[in-house]
1. Just name the residue that is nearest to Thr87 (Cα to Cα) out of those in region 103-129 that are surrounded by fewer than 16 Cβ atoms within 10 Å (Cβ to Cβ) and among the polar types (S, T, N, Q).
2. Would you check which residues across region 157-193 are part of a helix (DSSP H, G or I) and touching a His at 6+ places or on another chain (Cβ under 9 Å) and list them?
3. I'd like to verify a number: residues in region 36-69 that are part of a helix (DSSP H, G or I), surrounded by fewer than 22 Cβ atoms within 10 Å (Cβ to Cβ) and among the charged types (D, E, K, R), how many?
4. If a residue must be part of a helix (DSSP H, G or I) and either acidic (Asp, Glu) or under 17 Å from the mean Cα position of the chain (by Cα) (or both), how many such residues does region 105-136 contain?
5. With respect to the numbered conditions (1) in contact with an Asp or Glu (Cβ under 9 Å, 6 or more places away or on another chain); (2) more than 23 Å from Gly51 (Cα to Cα), which one is the sole condition not fulfilled by Ser138?
6. Please go through region 1-39 and give me each residue that is modelled with pLDDT under 95 and among the acidic types (Asp, Glu), ordered by number.
7. Spot the failing condition for Lys186; the list is (1) surrounded by 19 or more Cβ atoms within 10 Å (Cβ to Cβ); (2) closer than 28 Å to Thr110 by Cβ, and only one is missed.
Amino acid sequence: MGLLDKFRNAKSWYSKGAQLTKQGKFEEALECFNEAVKLDPKFDLAWNSRGLILEKLEKYEDAVESFNKALEIDPEFIIVYINKGITLGKLGRYQEALRYFDKALELYPTQVMAWTNKGIALSKLGKHQSALDCFNQSIEIERENASAWYNQGLVFKELNKFDEAIKSFDEALRINPGYDAAWKAKEDISKKF
């Protein structure tokens with residue numbers, strides 16, 4: 001098998017894995033991404049996708065390793081820094097996660113997903129004002145970001161600033177009327193009054 005054939009096969013495995021991911025067949029998708037990186041160990045997209053699947057399967061440490069491989073290949077692959085940070089957060093390693101969100105923001109200062117997830121990590125660390133600053137930055141860049149509004153609302157709720165929390169949840173629901181977590185959070189506050 002020539003190098004070009006090997007590359008085509010790696011891309012085919014990757015494409016098949018992406019399709020299976022869309023169908024929710026995560027175990028099968030993982031097998032495809034495993035084949036893709038076995039055939040082309042420098043295939044950064046496949047390493048990232050493999051990490052995302054492992055994260056969905058709650059194999060967080062393995063996911064982090066896949067993200068590390070993708071970053072070794074392309075140290076400027078911004079979304080991988082964010083994916084790794086999110087996964088580290090799921091492991092409760094928020095301080096470490098912050099480094100990856102900061103790296104993504106260093107490379108791309110207007111990356112909304114990085115600002116929002118940095119805010120979530122800061123909130124988990126009890127750094128509420130810094131978290132609010134991140135959510136505000138995210139909203140300033142992309143006003144229609146339901147996740148930033150929702151997470152801002154959670155911080156306001158934590159600080160017992162219920163009027164501000166309700167306003168944030170209302171904005172999240174205006175953007176995404178089906179945002180169940182925002183409905184529940186708003187309902188929790190309403191029950192208190």
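1. The qualifying residue nearest to Thr87 (Cα to Cα) is Thr110.
2. Just the residues of region 157-193 that are part of a helix (DSSP H, G or I), to begin with: 157-158, 162-175, 180-192.
Selection gives Glu158 alone.
3. Selection size over region 36-69: 8.
4. Matching residues across region 105-136 total 20.
5. (1)
6. Answer for region 1-39, where residues must be modelled with pLDDT under 95 and among the acidic types (Asp, Glu): just Asp5.
7. Exception for Lys186: condition (2).
The values are calculated or read from the model by the stated rules, or taken from the named source; none is laboratory data. Predicted model, so just to flag it, every value in this text is computed and none were measured. We place every Cβ from the backbone using ideal geometry, glycine too, and count neighbours over all the protein chains shown.
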